[in-house]
Amino acid sequence: MGRAVCVYCRERAAVPEWAPFCSERCKLLDLRNWVDGRYRIPGEDAATAGGDDSDRQP
Ligand SMILES: [Zn+2]
């Protein structure tokens, strides 16, 4: 077993070179998401943590 899937799109990783992603595209997209999260403006979370549950899923 141990069939790896892309951690970004959940497709089966075809090229071991890009593991744990299926391609360079997914690797870059995931990296960009990570960077966007890291560089989020501080305070944005605090502003929405005051009881606004509009983002909460049913
Ligand atoms: Zn992928």
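Tabulated data
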quantity	calculated
Inter-residue pairs, beta-carbon under 8 Å, first of a type in the set (S, T, N, Q) and in segment 15-27, second part of a loop (DSSP other than H, G, I, E, B), 6+ apart	Ser23/Cys6; Ser23/Ala14; Ser23/Val15
Odd one out for Val35, checked against (1) surrounded by 11 or more Cβ atoms within 10 Å (Cβ to Cβ); (2) modelled with pLDDT of 70 or more	(1)
Arg3 being at pLDDT 80 or above, in a loop (DSSP other than H, G, I, E, B) and among the charged types (D, E, K, R)	no
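The values are calculated or read from the model by the stated rules, or taken from the named source; none is laboratory data. Being a predicted model, the structure only gives us computed values, none of them experimental. Backbone-built Cβ (ideal geometry, glycine too); neighbour counts: all protein chains shown.
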